[in-house]
Amino acid sequence: MKKYDYNPLKNSVISFEALQEILHIFIIDIYNQSSHPELKSPRTSVWSKAIQEFPPALPGSYQQLKVLVGNISLFCHSPGGRSLEAS
């Protein structure tokens, strides 16, 4: 694969922060307000009704959350394969 003269840090058109803001605006203000193709209703309305009917079960404490999440292991990928990182 050839490396070309494009340097994204030097030649980028918008900053990473601006891209994040554009994505947030699109997801929250445009996509979520658009009509769901099958349900013919805005996605926010569909989600609000679903949450009222099936409220999320939240753990009572941080310790209960840790028990529910379980053991988290981090793996490092290298040319020799995967290895377990100490966490």
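The values are calculated or read from the model by the stated rules, or taken from the named source; none is laboratory data. Not measured: the values here are computed from a predicted model. Virtual Cβ from ideal backbone geometry, glycine too; neighbours counted across all protein chains shown. The accessibility values were calculated without ligands, DNA or RNA, using every heavy atom of the protein model including side chains. Shrake-Rupley method; radii C 1.70, N 1.55, O 1.52, S 1.80 Å.
Considering the stretch 4-32, the residues that are over 17 Å from the mean Cα position of the chain (by Cα) and either open to solvent by 100 Å² or more (accessible area, probe 1.4 Å) or hydroxyl-bearing (Ser, Thr, Tyr) (or both) include one that is nearest to residue 47 (Cα to Cα), namely 15. When restricted to residues that are within 27 Å of residue 68 (Cβ to Cβ) and among the hydroxyl-bearing types (Ser, Thr, Tyr), the stretch 32-58 contains 1. Could you count how many residues in the stretch 44-58 are in contact with a helix residue (DSSP H, G or I) (Cβ under 9 Å, 6 or more places away or on another chain) and either at pLDDT 90 or above or within 30 Å of residue 9 (Cα to Cα) (or both)? Adding up the residues that qualify gives 0. Filtered by the rule that a residue be part of a loop (DSSP other than H, G, I, E, B) and exposed (fewer than 10 other Cβ atoms within 10 Å of the Cβ), the stretch 33-67 gives 37, 38, 40, 54, 55, 56, 57, 58, 60, 61.
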